[in-house]
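These notes are about the structure you will find just below.
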2 protein chains.
Amino acid sequence: MTYCVAMSLDEGMLFASDSRTNAGVDHVSTFCKMHTFEVPGDRYIVMLSSGNLATSQYVVNTIRRMAALEEGAHVNKVSSMFDVAEMVGLELKAAISRAKEGLTASNDVDFSCNILLGGQIKGEAPRLFLVYPQGNFIEATNETSYFQIGESKYGKPIIDRVIKPDTPLREALKSALVSFDSTMKSNLSVGLPIDVLILHPDQFAPALRYRITENDAYFASIRASWGQGLRKVFQELPNPQWFESGTQ
Amino acid sequence: MTYCVAMSLDEGMLFASDSRTNAGVDHVSTFCKMHTFEVPGDRYIVMLSSGNLATSQYVVNTIRRMAALEEGAHVNKVSSMFDVAEMVGLELKAAISRAKEGLTASNDVDFSCNILLGGQIKGEAPRLFLVYPQGNFIEATNETSYFQIGESKYGKPIIDRVIKPDTPLREALKSALVSFDSTMKSNLSVGLPIDVLILHPDQFAPALRYRITENDAYFASIRASWGQGLRKVFQELPNPQWFESGTQ
């Protein structure tokens, strides 16, 4: 499993991904799920992936190779993030159908993969996409300024309560970390380290790239303060009158 | 979709279920998902169901009819909750396989259903089971004293943080309601009214049976206080030093 979140806010973009992969519970490894593509001063693009690791690595490698060989309209050349999303969608769909080739339905391996793709190409505003395994994709807007992939449900309530387009990046980062905390508490297959990347508009280079490991004092303090705070709020909730009367 | 939770604690048992059903987004109805079986002074049994409504209604009806006709070892006669769980499992499995009869794999209707089954039969302690659509079942223990069915992930973190066997029922009820609040915020297919039932040991009758509707002032106050409290805790979380330094 995996948990990744990406936000596109007025102040900039935030990307965060865990790094645990597992094939069954007895084959657990650490892989960075954050991949970046850069042309200094011209573009900075971030990809986060959940799902089948072979598929996502295949897609990333293919896209890197096309750029290295300067094949066609590659990631370092296209003029819009929309074109990058389309390219990622096509490669993703092709990778999945290639993996399935010659296998029967009884080989019930799930080759699918979801990809968060965000960043900025000079001449455009920053843009964020969610690319589906079917190859199609949706773009974040002011009404829905963040996407999650992987094990998204445990960590969604806190992000829903906090994130609006004008949320400062610092607050956005805190909400992302709280959301990772909730997810990691409930799903063992999501785990540290967490990769974080922040991108300011028109910089074409990350304002922050940081890896949160088990020794990170700040993340430990967030986890502790959040847990204590929740318990305090919970204890201060009013008691139901109808409960008291019902138990007479 | 559905959200149901049941807890077996030292002070007693708590059951709560939403009442929204939907077949697609344009066919939304209200059905009580809480069913009770009672022999005054001898037994009180509660069933909560998620999944296919036709299947769960079929199971409940079959079990009621067996009791009414006094057929074999029926729900009002068996001497252990374990027997009830076995009976519910068998009827559930049979109902699903009957529904599938004559249909091909291309009729991709999901007839499955999960059932929470709890209560007490005289001579035994209160017991709580989760019955799977395959007909088998697990029982709650001191280590895991609650079960959820349906849309369980959004509301799990708060229950995980609060519930232990010695949690007072009043606190357990609050955690259940907060958990419904989180779930309803994130999944439109879980909705009011919420049915709540509390069972004290050796009473064989509910200490509380209450339906929370849209006009319930207490539930509204819980939702508001919880939301405000969360935002306050969130705002008081420390800021990351590495974020500041990273953005120099």
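The values are calculated or read from the model by the stated rules, or taken from the named source; none is laboratory data. Values in this document were obtained by computation on a predicted structure and should not be read as measured data. Here Cβ is always computed from backbone atoms with ideal geometry, including for glycine, and neighbour counts include all displayed protein chains. The protein model used for the area step is the full one, side chains on, heavy atoms only, and it has no ligands, DNA or RNA in it. Shrake-Rupley method; radii C 1.70, N 1.55, O 1.52, S 1.80 Å.
The number of residues in the range B:78-102 that are open to solvent by 80 Å² or more (accessible area, probe 1.4 Å) and part of a helix (DSSP H, G or I) comes to 6. A residue that is among the charged types (D, E, K, R), in a loop (DSSP other than H, G, I, E, B) and surrounded by 19 or more Cβ atoms within 10 Å (Cβ to Cβ) occurs somewhere in the range B:14-24. Picking from residues in the range B:132-160 that are within 14 Å of chain A (Cβ to nearest Cβ) and of a type in the set (Phe, Trp, Tyr), the one that is nearest to A:Gln228 (Cα to Cα) is B:Tyr154.
Of the strands (runs of 3 or more DSSP E) contained entirely in the range A:111-188, those carrying at least 3 residues that are within 24 Å of A:Val78 (Cα to Cα) fall at A:113-121, A:127-131, A:137-139. Among the conditions (1) of a type outside the set (Val, Ile, Thr); (2) at pLDDT below 95; (3) not in a loop (DSSP other than H, G, I, E, B), the only one that A:Tyr44 does not satisfy is (2). So which of A:Phe180, A:Phe204 is away from chain B (no Cβ under 11 Å), closer than 24 Å to B:Asp181 by Cβ and not aliphatic (A, V, I, L, M)? The match here is A:Phe180. Annotation: of all residues in the range A:103-121 being of a type in the set (A, V, I, L, M) and more than 30 Å from A:Ile198 (Cβ to Cβ), the one that is surrounded by the fewest Cβ atoms within 10 Å (Cβ to Cβ) is A:Ala105. Checking each residue in the range A:38-68 for being touching a Ser or Thr at 6+ places or on another chain (Cβ under 6 Å), aliphatic (A, V, I, L, M) and open to solvent by less than 10 Å² (accessible area, probe 1.4 Å) picks out A:Val46, A:Leu48.
Does the range A:125-139 hold any residues that are under 12 Å from A:Ala85 (Cβ atoms) and open to solvent by 40 Å² or more (accessible area, probe 1.4 Å), and which are they? Within the range A:125-139, A:Arg127, A:Tyr132, A:Asn136, A:Phe137, A:Ile138, A:Glu139 qualify.
The listed residues are B:Tyr210, B:Tyr218, and the only one of them that is part of a strand (DSSP E or B) and facing chain A (nearest Cβ under 8 Å) turns out to be B:Tyr210.
The criterion of being touching a Lys or Arg at 6+ places or on another chain (Cβ under 9 Å), more than 9 Å from chain A (Cβ to nearest Cβ), within 30 Å of B:Thr55 (Cα to Cα) and among the polar types (S, T, N, Q) does not hold for B:Ser175. Inside the range B:161-204, residues that are within 16 Å of B:Ala224 (Cα to Cα), open to solvent by 10 Å² or more (accessible area, probe 1.4 Å) and of a type in the set (Lys, Arg) make up a count of 1.
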